[in-house]
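Taking it in order: structure first as structure tokens, then the write-up.
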Amino acid sequence: MYQLLKQILATGIVTEAAPHVDESLRQIERRFGELILNRFGRALAIRHVDAGSCNGCELEIHALGNPYYNLEGLGIRFVASPRHADMLLVTGPVSRNMEQALRSTYEATPEPKLVLAIGDCGCTGGIFGESYASFGRVANIIPVDVAVPGCPPPPVAILQGILTAIGGKDQGLR
């Protein structure tokens, strides 16, 4: 026991250096606060819909909630009901079984609503395409404002997609 304590005292505290902050992430954070308050006057509420994905995109979306990206600190939160949402975040190709659920969710979201298609599957149908089991891309079922490609897209790309959707609506783009 004495040897172990001696070794601990001799070694001291060993920690990793803090990760370098991505400058593009900081620029996004500065613009987010302004746009969200100007557009909504409160936090941006997002309803996530998994229309049949492999969960790769969901892992990246969940990463947005960690302390590095700090989604809540940016004024963005996820909600359980589409009636409370300002934006729909849709992942995966739309499977035949999810078509009606996606349409109902879209119709239940109050105007003005934003829709983001996340990942290659949401943007183009990905490797699944259109088949007997899949309608393919999200835009085949509901109107999409912004598509964020990637398999899966990194969290920064998802943040940029959200920023583009908010900024595009402010400028009258659809």
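Given the criterion buried (at least 21 other Cβ atoms within 10 Å of the Cβ), among the small types (Gly, Ala, Ser) and farther than 15 Å from Glu58 by Cα, identify the matching residue among Gly125, Gly119.
Gly125
Within segment 146-160, track down each residue that is surrounded by fewer than 21 Cβ atoms within 10 Å (Cβ to Cβ) and either charged (D, E, K, R) or part of a helix (DSSP H, G or I) (or both).
Once the filter is applied, which keeps residues that are surrounded by fewer than 21 Cβ atoms within 10 Å (Cβ to Cβ) and either charged (D, E, K, R) or part of a helix (DSSP H, G or I) (or both), segment 146-160 yields Pro155, Val156, Ala157, Gln160.
Test Pro110 against the criterion of being in a loop (DSSP other than H, G, I, E, B) and surrounded by 21 or more Cβ atoms within 10 Å (Cβ to Cβ), and give yes or no.
no
Is it true that Ala17 is farther than 19 Å from Pro154 by Cα, out of contact with any His (no Cβ under 9 Å at 6 or more places or on another chain) and surrounded by fewer than 18 Cβ atoms within 10 Å (Cβ to Cβ)?
Here the answer is yes, as Ala17 does meet what is asked.
All but one of (1) at pLDDT below 95; (2) hydrophobic (A, V, I, L, M, F, W, C); (3) in a strand (DSSP E or B) hold for Cys123; which doesn't?
So Cys123 meets the others, but not (3).
Please find, within segment 74-105, the residue that is surrounded by the fewest Cβ atoms within 10 Å (Cβ to Cβ) out of those that are free of Cβ contacts under 8 Å to residues at least 40 places away in the same chain and among the aliphatic types (A, V, I, L, M).
Step by step, filter segment 74-105, then rank; the result is Ala80.
Would it be correct to say that Phe135 is surrounded by fewer than 23 Cβ atoms within 10 Å (Cβ to Cβ), touching a Ser or Thr at 6+ places or on another chain (Cβ under 6 Å) and not small (Gly, Ala, Ser)?
The answer is no for Phe135.
Do we find that Ile61 is of a type in the set (Val, Ile, Thr) and in a helix (DSSP H, G or I) in this structure?
In short, yes.
The values are calculated or read from the model by the stated rules, or taken from the named source; none is laboratory data. A quick note: this is a predicted structure, and the numbers were derived from the prediction, not measured. Using ideal geometry, Cβ is built from the backbone for each residue, glycine included, and neighbour counts are taken over all protein chains shown.
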